[in-house]
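Chemist: Before we start, here is the structure in question, set down as structure tokens.
The values are calculated or read from the model by the stated rules, or taken from the named source; none is laboratory data. Computed from a predicted model, the values in this text were never measured in an experiment. All Cβ positions, even for glycine, are placed from backbone atoms using ideal geometry, and neighbour counts span all protein chains on display.
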Amino acid sequence: MSRIGKQPVPIPTGVKVEVKGGSVFVQGPKGKLERKLPEGISVSVEGGAAKVARASDQKRHRAFHGLARALLANMVKGVVEPFSKSLEIVGTGFNAMVTGKKLDLIVGYANTISLPIPDGIEVTLGKTKPPKITISGADKERVGQFAAAARAVRPPSPYSDNKGIRYEGEQVRKKVGKAFGSAAAK
């Protein structure tokens, strides 16, 4: 039995969880989310908690049991308190701007990179040095995916310049560059 899957998901006040067909709908003060359940997994709402059950002991049903419960718990948590990720931009002249529903990144390329901001995601820019981008929203998966897409535009360099976009607090392991004028060159 899945240890995580059998735990009930507590539903806070102000959050509404509904199960229709093979989908779960969660609505709260900070937004509403919908997710299709994997085959063989069902959700029932009893009292102030939601329970996730599986149809059988088949391997694929066991595999999705804990996953479905964790996804449901993240949905309930996200509609009460949004998830957020912070990115830092390190590099001379590197900057970011939010124009409408686009995040414009100026990160050392000949042109500005524009990323469309998905629905349900909010992007704010800090006035700190290095510039800080905060991505927040009710859906943990979308927040992480957009943060990863922004970081992928210019990942941090492992060499001495250390330029790029990184998660806040991320430690980049430095590599040794080429050695000039050493004994190995003779």
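Chemist: Based on what the data block shows, is V26 buried (at least 16 other Cβ atoms within 10 Å of the Cβ), farther than 30 Å from Q7 by Cα and either in contact (Cβ under 8 Å) with a residue 40 or more places away in the chain or of a type in the set (A, V, I, L, M) (or both)?
Modeler: Details: buried (at least 16 other Cβ atoms within 10 Å of the Cβ): yes; farther than 30 Å from Q7 by Cα: no; either in contact (Cβ under 8 Å) with a residue 40 or more places away in the chain or of a type in the set (A, V, I, L, M) (or both): yes.
Against the criterion (buried (at least 16 other Cβ atoms within 10 Å of the Cβ), farther than 30 Å from Q7 by Cα and either in contact (Cβ under 8 Å) with a residue 40 or more places away in the chain or of a type in the set (A, V, I, L, M) (or both)), V26 does not qualify.
Results for (1) under 11 Å from R69 (Cα atoms); (2) assigned to a strand (DSSP E or B), shown as yes or no for each residue.
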residue	(1), (2)
K6	yes, no
G14	no, no
E18	no, yes
F25	no, yes
E34	no, yes
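Chemist: Exactly one condition in (1) touching a strand residue (DSSP E or B) at 6+ places or on another chain (Cβ under 8 Å); (2) more than 28 Å from T13 (Cβ to Cβ); (3) at pLDDT 95 or above is not met by A152; state its number.
Modeler: All conditions pass for A152, except number (1).
Chemist: Checking S56 against (1) touching a residue at least 60 places away in the same chain (Cβ under 8 Å); (2) not assigned by TED's automatic domain parsing to the domain that holds R151, only one condition comes out false. Which one?
Modeler: (1)
Chemist: Additional query: Mind listing whichever residues of segment 135-156 are in contact with a Gly (Cβ under 7 Å, 6 or more places away or on another chain) and touching a residue at least 12 places away in the same chain (Cβ under 8 Å)?
Modeler: Within segment 135-156, the first condition is being in contact with a Gly (Cβ under 7 Å, 6 or more places away or on another chain), and the residues that meet it are 137-140, 142-143, 154-156.
Of everything in segment 135-156, those that are in contact with a Gly (Cβ under 7 Å, 6 or more places away or on another chain) and touching a residue at least 12 places away in the same chain (Cβ under 8 Å) turn out to be G137, A138, D139, K140, R142, V143, R154, P156.
Chemist: From the list I133, I89, which residue is in a strand (DSSP E or B) and either modelled with pLDDT of 95 or more or assigned by TED's automatic domain parsing to the domain that holds V15 (or both)? Before the answer, list the steps.
Modeler: Details: I89 fails: either modelled with pLDDT of 95 or more or assigned by TED's automatic domain parsing to the domain that holds V15 (or both).
Exactly one of I133, I89 is in a strand (DSSP E or B) and either modelled with pLDDT of 95 or more or assigned by TED's automatic domain parsing to the domain that holds V15 (or both), namely I133.
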